[in-house]
Amino acid sequence: MKKILFIILFFAVFLCGCTQSTSGSVDELCNYSWSKTLDGGAEVRLSFDGDSAALTVDSAGESIEISGKCVIDDSNIVIFVPSLSLNYGFEYLPKGDQLDLTYGDGTITLEKEK
């Protein structure tokens, strides 16, 4: 019975994504796109569309995108990429018009797009 309840709760959170939480920081995160142009010219962009998220890096004419369904809590974003059968987890910390996004030991500060 516990396994079934866990599976139901997991899929409920997975399917609801960004709209799951009533937290102000989650709403602030999902209602905007965030971006940063790095010194070398590379552009990093994080955007949301309903229960999906996309993290895109454009550099020297090449583009890499991590996109798929997302689950967000008060400090973490997990993006599920079904085509690769992988998921990517990021810690985030909103700071007004800026967002610290951390993966592993690296952190990048993105700015809210107006």
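The values are calculated or read from the model by the stated rules, or taken from the named source; none is laboratory data. Computed from a prediction, not measured in an experiment: that's the story for all the values here. To get the accessible areas, we keep the full protein, side chains included, count just its heavy atoms, and leave off ligands, DNA and RNA. Shrake-Rupley method; radii C 1.70, N 1.55, O 1.52, S 1.80 Å.
A few points about this structure:
- Annotation for the stretch 20-41: at least one member residue is on the phi > 0 side of the Ramachandran plot and modelled with pLDDT of 80 or more.
- Every residue from the stretch 58-108 that is under 14 Å from Asp27 (Cα atoms), open to solvent by less than 80 Å² (accessible area, probe 1.4 Å) and under 15 Å from the mean Cα position of the chain (by Cα): Cys70, Val71, Ile72, Asp73, Ser75, Asn76, Ile77, Tyr92, Pro94, Leu99
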